[in-house]
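Read through the structure below, which is laid out as structure tokens, and then see the notes.
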Amino acid sequence: VCLLLLVFVVLGRFTVGRQALLAVDVALASGPWATPSTPAPHNPLDSDPLIAGFAHTLPAAESLRAGRGAPRWDPGLGTGEGVALSGLVAPDYPPWRLAYRLLPAWIAHGTTVVLHLYLGLVGVFLLVRSRGNSAPAGIVAALVAGLTGLPSVWLEQDTCTIALSWVPWVLLGIELAVAGDRRGVALAGLALGASLLCALHLFGGTCGLMA
């Protein structure tokens, strides 16, 4: 519960603070519309879902809701490009597919990020606890692992957040298996399988390998 509350505190400026960027904010800060006096977004990385992500996820979401499945080819990139190469959609990953089929793309994006950030924090917490450390130590470790470094830089990119969120669960499964708990093998296999479903798409797989 504590970790879940912290997730919403960290993301509060977007979820309830009305600081999410609109397309017009990004357009006015980039060419050909930008001028020397145009203020830059408070965090340029926050613009990634608008200038890159939603250009891919909106057509995928519309196709899923229409019952046509997720597109495998994006004709809007040059002469066309395979969806897997962009790494901005993960139609083979069931939670991503379900979220974008049932929810508007911007809500599906936020829901996916929040839930997988929480999943990753809980995984780190349980990993630290499995090694005999205290609950406060687990919370601190979860916050450091989930809210600094690579996860914090690419938090707004849902496919990266998905890939990173399963890494501590793979490690926890290995830890339990080494300790003689057979459930660890099943957990490591499940988490690794989930990571691989996202890793079928280049960017998500790269993030997982980097972690």
* To do: Check off (1) closer than 25 Å to residue 193 by Cβ; (2) open to solvent by 10 Å² or more (accessible area, probe 1.4 Å) for residue 73 and give me the number that stays unchecked.
  => (1)
* What are the pairs, 6+ residues apart or on separate chains, where a residue within segment 112-127 that is more than 22 Å from residue 88 (Cβ to Cβ) has its Cβ under 6 Å from a residue that is open to solvent by 20 Å² or more (accessible area, probe 1.4 Å) and of a type outside the set (Gly, Ala, Ser)? -> 123/169; 127/171
* Tally of residues being modelled with pLDDT of 70 or more, assigned to a loop (DSSP other than H, G, I, E, B) and among the hydrophobic types (A, V, I, L, M, F, W, C) across segment 49-78 -> 2
* To do: For residues that are charged (D, E, K, R) and open to solvent by less than 40 Å² (accessible area, probe 1.4 Å), tally how many sit in segment 151-180.
  => 2
* residue 107 passes all but one of (1) more than 14 Å from the chain's Cα centre (by Cα); (2) closer than 30 Å to residue 62 by Cα; (3) of a type in the set (A, V, I, L, M, F, W, C); which number fails? -> (1)
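The values are calculated or read from the model by the stated rules, or taken from the named source; none is laboratory data. Here the structure is a predicted model, which means the values were calculated and not measured. Cβ atoms come from the backbone with ideal geometry, glycine included; neighbour counts cover every protein chain shown. Calculation scope for accessible area: heavy atoms of the full protein, side chains included, ligands and nucleic acids excluded. Shrake-Rupley method; radii C 1.70, N 1.55, O 1.52, S 1.80 Å.
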